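Student: What follows is a structure written as structure tokens; I'll ask about it next.
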Amino acid sequence: MPIQVLMPALSPTMEKGNLSKWLKQEGDKVKSGDVIAEIETDKATMEVEAVDEGTLGKILVPEGTNDVAVNTPIATILREGEDASAASAPAAAKPSPQPKAAEPEAPQSPTVYTGSIYVDSRPRGARVTIDGKEVGLTPLRVSDVKIGSHVVRLELPDHRMWTSTTRVTAGQEQRVTGSLERIQ
């Protein structure tokens, strides 16, 4: 089954962003950590990395698309032996239509639901970055994280970088442990 690449959140409050540029094309080989696209908001630009090894099967959101909701599938990665027909996107994977300009936005609720992320690594002491923001060294508990998907990156000198996407639910703690491979 193809792996979905989701629109990441650049910050805990981000709800949508712009897919500015694809750096890889359909059919290109990718490995975990390869930069495949660039996304931006009015405040930041971030690189989207492949979450697994394989072939970029289908680009679901074309470059230059604005207001792509966080967690919307933007591409698929095919594992070895899968063909491009398996990468067909379900109808729900398309970006949601933009609201009419005349409609006012609904007021934000003052209640923000949060959870926490506990991050550990083997070996310990890795630098932790969540959604592009450095938050400390492992082991580490980050509280008051907005619900939704978040990109967790671990970095340690002389080791391969480790990246994963985790989903935080209200009132729950999500545990993330990464094994960093030593570079020979």
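Student: Identify the residue in segment 23-65 that is closer than 23 Å to H150 by Cβ, of a type in the set (D, E) and in contact with a strand residue (DSSP E or B) (Cβ under 8 Å, 6 or more places away or on another chain) and, among all such residues, is surrounded by the most Cβ atoms within 10 Å (Cβ to Cβ).
Tutor: Going through the qualifying residues, I end up with E49.
Student: Can you confirm whether segment 116-133 contains a residue that is out of contact with any Lys or Arg (no Cβ under 8 Å at 6 or more places or on another chain), at pLDDT below 90 and crowded, with 17+ Cβ neighbours inside 10 Å?
Tutor: no
Student: Here is a follow-up. Would you point out which residue out of A170, A92 is on the phi < 0 side of the Ramachandran plot, part of a loop (DSSP other than H, G, I, E, B) and at pLDDT below 90?
Tutor: Residue meeting the stated conditions: A170.
The rows are residues; the columns are (1) more than 15 Å from T165 (Cβ to Cβ); (2) at pLDDT below 85.
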position: M1; (1), (2): yes, yes
position: Q25; (1), (2): yes, no
position: P62; (1), (2): yes, no
position: I77; (1), (2): no, no
position: A84; (1), (2): yes, yes
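Student: Turning to a different aspect of this structure: Please enumerate the residues belonging to segment 1-54 that are over 14 Å from the mean Cα position of the chain (by Cα) and in a strand (DSSP E or B).
Tutor: Scanning segment 1-54 gives S20, K21, W22, K29, V30, G54.
Student: Moving to a separate point now. Just to be sure I understand the filter: pairs with C-beta atoms under 7 Å, separated by 6 or more residues or on different chains, first member in segment 70-83 and on the phi > 0 side of the Ramachandran plot, second member assigned to a strand (DSSP E or B). Which pairs pass?
Tutor: What qualifies is N71/L6; N71/G148; N71/S149.
Student: Going through segment 138-152 one residue at a time, which ones are within 22 Å of S32 (Cα to Cα) and in a strand (DSSP E or B)?
Tutor: G148, S149, H150, V151, V152 - these are the residues of segment 138-152 that are within 22 Å of S32 (Cα to Cα) and in a strand (DSSP E or B).
Student: Within segment 64-75, work out how many residues are farther than 23 Å from S164 by Cα, polar (S, T, N, Q) and assigned to a loop (DSSP other than H, G, I, E, B).
Tutor: The number of residues fulfilling the criteria is 0.
Student: Could you list all residues from segment 127-137 that are assigned to a strand (DSSP E or B) and farther than 15 Å from V176 by Cβ?
Tutor: If the condition is that a residue be assigned to a strand (DSSP E or B) and farther than 15 Å from V176 by Cβ, then K133, E134 are the ones that fit.
The values are calculated or read from the model by the stated rules, or taken from the named source; none is laboratory data. Just so it is clear, the model here is predicted, and its values are computed rather than measured. Cβ sites come from the backbone with ideal geometry, for glycine too, and all protein chains shown count toward neighbours.
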